[in-house]
Structure formats: C-alpha cells, structure tokens
Amino acid sequence: MIDFTGKVALVTGGSRGIGAATVKAIAAAGGSVVIHYGSNKEAAMRVANEVGDENCHTVKCDLSVLAAANALWDDALAWKSRIDVVVNNAGIYCAENRAGPEADWHKVWQRTLQVNLMATADLCRAAINHWRNRKSGGAIVNVASRAAFRGDSPDHWSYAASKGGIISLTKTLARAYSSAGIYTYAVAPGFVLTDMVLEEFERDPGARARVVSEIPYGDMAPASDVANAICFLASGLATHATGQTIDINGASYVR
C-alpha cells in the first residue's frame with residue numbers, strides 16, 4: 001500500500017497535467033505537498049482547494065530564470081522544515097527554427113535547457129545536500145519523456161536533448177547516492193492528455209489522429225497513469241529500482 005503519511009513532497013509544475021495528478025495522488029495517500037507553479041495561480045489554487053489547503057503550500061517560481069530553483073527550494077523547505085520527496089515535473093516544449101536567426105535558435109535552446117534540465121539539477125542538488133546534512137534518505141522522481149530514447153520532431157531538438165539529459169542525471173544520482181538512502185528514478189511518458197499537449201493539437205487539428213495512430217494501446221495515457229507510477233517509485237516500495245526509468249507510452253516505444 002502506498003502511504004505518504006508524515007511525508008512532504010515538492011512537485012514542480014503542480015498546477016496542471018501530470019503535476020496536478022501527482023499532487024492529488026500524494027495527498028490522497030496522506031502526504032503534504034508543495035505545489036510549484038510558474039504563472040497560472042488560478043490553476044494552482046484549484047488544485048490546492050481540491051486537496052485541502054491544510055495539506056498543501058503553493059509557491060510561484062519562474063524556472064526559466066537562472067538559479068530560481070534555489071529560491072523555490074528555500075520556500076518549500078520553510079513550510080514544514082523538511083522535504084522527503086521531490087518530483088521534477090515542470091517542463092516546456094518549445095519549437096526551434098534551425099533555419100531562422102541564430103539568436104532565436106539560441107534563445108529557445110537556453111530556455112528549454114534551463115527549465116527542463118538545469119532547474120531539475122538545481123533541485124536535485126538542494127535535496128541531496130539537505131538529506132545528506134540531516135543524515136536522512138529521500139526520493140527523487142524526474143519526469144523525462146519518450147523523446148529521450150527515440151528523439152522528437154525535427155522542430156524540437158532542444159526538448160529531446162533536455163529529456164535525454166534527465167535520464168543521464170537520474171542514473172548518475174542513483175549510482176552516487178543510493179548507499180545514503182537517496183533513491184532517484186525517472187518516468188518517460190509518451191503523449192499524455194495534458195493541457196500542454198491539447199494546446200499543441202489546437203495549433204494542428206490533424207495532430208491528434210496522427211499521434212494516436214502510432215500508439216498500439218489505441219489512445220494517449222491519462223495523467224493519472226503517470227502520477228500513479230511516480231507515487232509508486234517515490235513511496236519506498238521498490239528502492240532497489242533506483243536509477244531505473246518507467247516507460248508510459250502505450251507501447252509506442254518499447255526498449
């Protein structure tokens with residue numbers, strides 16, 4: 001049985017999609033949750049109201065700003081003076097134009113890597129230092145993507161690269177710190193029915209049919225499927241799986 005009673009989790013990008021589903025699942029299992037959001041305060045408050053204000057704390061932070069994740073960590077830690085689980089879910093999916101101006105190309109790459117990879121690394125560093133200083137364990141679950149293994153579209157080099165970095169980071173931390181009771185995992189979703197994906201489909205009305213046609217399962221995963229996997233990994237029920245990645249893609253990519 002998954003039980004987060006007495007534990008505090010930090011979930012980045014917790015206002016929508018996979019993040020919101022993860023917040024709800026952890027709270028339902030008895031945990032307290034710090035809900036990070038970038039700009040959508042209304043969505044974050046809806047999630048907070050659903051799980052109960054006494055069970056959560058909301059923090060606004062723009063992870064595209066260098067080192068902003070450190071301020072997020074400090075705010076999150078101050079709430080209950082401990083964090084036991086970190087779920088690095090926040091991410092962006094920005095297209096870059098390889099044939100366009102070089103300055104625009106660099107801007108997309110820098111922003112994508114900062115949000116998807118550097119902010120994740122900063123939070124992992126803060127968590128590991130916290131746990132090692134107090135001589136306690138903890139769990140990190142990083143949300144990567146199917147794109148880390150099979151690549152992405154011709155317009156999303158930076159996204160695929162950032163998610164590949166997440167996988168390597170996860171393996172490195174697992175090898176380095178599992179002996180200290182710090183366990184690190186990744187989940188690699190394919191297409192998930194989130195607001196971010198639906199926004200992409202609105203820009204390209206034929207995209208949804210093309211996406212589903214490549215999924216043997218026959219449909220995209222609900223956010224709850226990913227959240228359930230995250231909760232299992234973070235629960236401490238399979239600590240010897242540290243360093244592993246769980247694929248959640250309807251068999252659209254099988255390793």
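Quick notes
- The set of residues in the range 227-242 that are surrounded by 17 or more Cβ atoms within 10 Å (Cβ to Cβ) and either touching a Lys or Arg at 6+ places or on another chain (Cβ under 7 Å) or closer than 21 Å to residue 164 by Cβ (or both) comprises 229, 230, 233, 242.
- Restricting attention to the range 9-41 and to residues that are in a helix (DSSP H, G or I) and of a type outside the set (Gly, Ala, Ser), the residue that is farthest from the chain's Cα centre (by Cα) turns out to be 41.
- Look at the range 241-255: where a residue is over 24 Å from residue 173 (Cα atoms) and touching a residue at least 12 places away in the same chain (Cβ under 8 Å) and a partner is of a type in the set (Ser, Thr, Tyr) and assigned to a loop (DSSP other than H, G, I, E, B), sitting 6+ places away or on another chain with Cβ atoms under 9 Å, you get 249/217; 250/217; 251/217; 252/217.
- Cross-chain or 6+ apart pairs with Cβ under 7 Å, the range 99-113 first and under 17 Å from residue 63 (Cα atoms) and at pLDDT 95 or above, then in a helix (DSSP H, G or I) and among the small types (Gly, Ala, Ser): 108/158; 109/158; 112/158; 112/162; 113/158; 113/162
- Considering 6, 91, the condition of being part of a loop (DSSP other than H, G, I, E, B), at pLDDT 95 or above and crowded, with 23+ Cβ neighbours inside 10 Å is satisfied by 91 alone.
- For residue 26, the test of being closer than 21 Å to residue 225 by Cβ, aliphatic (A, V, I, L, M) and surrounded by fewer than 22 Cβ atoms within 10 Å (Cβ to Cβ) is failed.
- Boolean, residue 224 is surrounded by fewer than 18 Cβ atoms within 10 Å (Cβ to Cβ) and touching a residue at least 60 places away in the same chain (Cβ under 8 Å): yes
- The one condition in (1) touching a residue at least 24 places away in the same chain (Cβ under 8 Å); (2) more than 17 Å from residue 233 (Cβ to Cβ); (3) out of contact with any Asp or Glu (no Cβ under 7 Å at 6 or more places or on another chain); (4) surrounded by 15 or more Cβ atoms within 10 Å (Cβ to Cβ) that residue 208 fails to fulfil: (1)
- Residue in the range 120-134 that is surrounded by fewer than 22 Cβ atoms within 10 Å (Cβ to Cβ) and outside any helix (DSSP H, G or I) present: yes
- Residue among 96, 54 that alone is touching a residue at least 60 places away in the same chain (Cβ under 8 Å), more than 19 Å from residue 230 (Cβ to Cβ) and either of a type outside the set (A, V, I, L, M) or outside any helix (DSSP H, G or I) (or both): 96
- Residue 215 among the β-branched types (Val, Ile, Thr), touching a Ser or Thr at 6+ places or on another chain (Cβ under 6 Å) and more than 20 Å from residue 25 (Cα to Cα): yes
The values are calculated or read from the model by the stated rules, or taken from the named source; none is laboratory data. A quick note: this is a predicted structure, and the numbers were derived from the prediction, not measured. With ideal geometry, Cβ positions are generated from the backbone for all residues, glycine too; neighbour counts draw on all protein chains shown.
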